[in-house]
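The values are calculated or read from the model by the stated rules, or taken from the named source; none is laboratory data. In this text, all values refer to a predicted model and were calculated from it rather than measured experimentally. Here the Cβ positions follow ideal geometry from the backbone for every residue, glycine too, while neighbour counts run over all protein chains shown. These area figures cover heavy atoms from the full protein model, side chains too; ligands, DNA and RNA do not enter into them. Shrake-Rupley method; radii C 1.70, N 1.55, O 1.52, S 1.80 Å.
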Amino acid sequence: MPKLQEAVDALETLYPLRYAESWDAPGLIVGDLDAPVTRIAFAADPTRAVIEQAIGWHADLLVTHHPLFFRAVHETSGAGVHGSIVSALYRHGCALWVGHTNADAAFRGVGQAAADAFGLHDLQPLEPIDDPQSPHAVGIGRVGRLAEPMPLRDFAQVVARELPETEYGIQVAGELDAPVSTVAVLPGSGDSMFDAVRASGADVYVTSDLRHHPATDALEQARWEASLRRHGLHAGNGDGHLRPALINTPHSAIESLWFRYALEDVPAAIAARTGQRPEVKWINMRTDPWDLVIR
């Protein structure tokens, strides 16, 4: 049967660690390399509830998008929840591998999975990574085109329909009847990428965790540039419509679209290496933190 080392090799071929941002530390977090892997669970976040489901299913490996540790740690005792998770994983023989910003950038990774789910074609990375080893364009985010233009309000419904349901829902800012053809998508926290989105000429930007000040500044700039274009002056991209409009999505919900591909790609890659295909399961419980929205 496949060993954990073989499963990790397959994962890190699909989602190379060299794609990770400098501040990120994805890869194998917990596990013995010679342990067998016959069951792999996938989940957006390594929360305590997710860990319990993975262990209850007798998973040998849990693959998550978000890290267990975002920052350096100096202890993993039972006094903290992260230490209790590490202990539980080892006691029950379940490894943990994280595909974070490396999976964001990869072919058939997080960015591409979301763009495909929203019906985009002719995809290019929003922020490309030059990788001569990859036969495909890779990088953070995706920019693509819809098969047919549609009003912003209708495209927002497409996004909402494709995402796993959450209490938080989505938020939309822009001219709701303006036509949408070109879309930029960056699953995860995306308000540091406004310059790249403006340069792409996207009609709308779909991302998460938009903060008040960066989002307001981006919209105000877009409104100003649209007014200049309406007066015949060159500013930004396109016609007199505000662009880019903004669609703010629940962080883990949009990133979990990756598992539509990972549940196929990971066991196939392991089977190609070992001749044996592990059983897989998507633990798709809601892990966004909000339980109630009051309007």
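Can you tell me which residue in region 92-106 is nearest to THR207 (Cα to Cα), limited to those that are in contact (Cβ under 8 Å) with a residue 40 or more places away in the chain and over 11 Å from the mean Cα position of the chain (by Cα)? Selected residue: VAL98. In region 124-132 there is no residue that is open to solvent by less than 20 Å² (accessible area, probe 1.4 Å), part of a strand (DSSP E or B), of a type outside the set (S, T, N, Q) and more than 28 Å from ALA20 (Cα to Cα). The sole residue among PRO26, PRO67 that is modelled with pLDDT under 95 and within 22 Å of GLN5 (Cβ to Cβ) is PRO67. None of VAL204, VAL266, VAL293 is closer than 19 Å to GLY141 by Cβ and either open to solvent by less than 20 Å² (accessible area, probe 1.4 Å) or at pLDDT below 95 (or both) except VAL204. Of all the numbered requirements in (1) open to solvent by less than 50 Å² (accessible area, probe 1.4 Å); (2) at pLDDT 95 or above; (3) of a type outside the set (Lys, Arg); (4) assigned to a loop (DSSP other than H, G, I, E, B), GLN276 misses one, and that requirement is (1). Exactly one residue out of ARG198, ARG211, ARG223, ARG230 is basic (Lys, Arg), modelled with pLDDT of 95 or more and either at negative phi or more than 19 Å from the chain's Cα centre (by Cα) (or both): that is ARG211. Let me spell it out: the conditions are (1) of a type outside the set (A, V, I, L, M, F, W, C); (2) loosely packed, with under 14 Cβ neighbours inside 10 Å; (3) not in a helix (DSSP H, G or I), and HIS241 meets all of them except one. Which number is the exception? Tallying (1) of a type outside the set (A, V, I, L, M, F, W, C); (2) loosely packed, with under 14 Cβ neighbours inside 10 Å; (3) not in a helix (DSSP H, G or I), HIS241 fails exactly one: (2). Residues that are assigned to a helix (DSSP H, G or I), surrounded by 15 or more Cβ atoms within 10 Å (Cβ to Cβ) and hydroxyl-bearing (Ser, Thr, Tyr) within region 74-88 comprise just one, SER84. Mind listing just one residue for me: the one in region 154-194 that is of a type in the set (Phe, Trp, Tyr) and within 16 Å of VAL143 (Cα to Cα) and, of those, modelled with the highest pLDDT? By that ranking, first place goes to PHE155.
Looking only at residues in region 89-103 that are open to solvent by less than 20 Å² (accessible area, probe 1.4 Å) and part of a helix (DSSP H, G or I), the one that is nearest to ALA262 (Cα to Cα) is ALA103.
Of the residues LEU233, LEU210, only one is assigned to a loop (DSSP other than H, G, I, E, B), surrounded by 20 or more Cβ atoms within 10 Å (Cβ to Cβ) and not hydroxyl-bearing (Ser, Thr, Tyr); which?
LEU210
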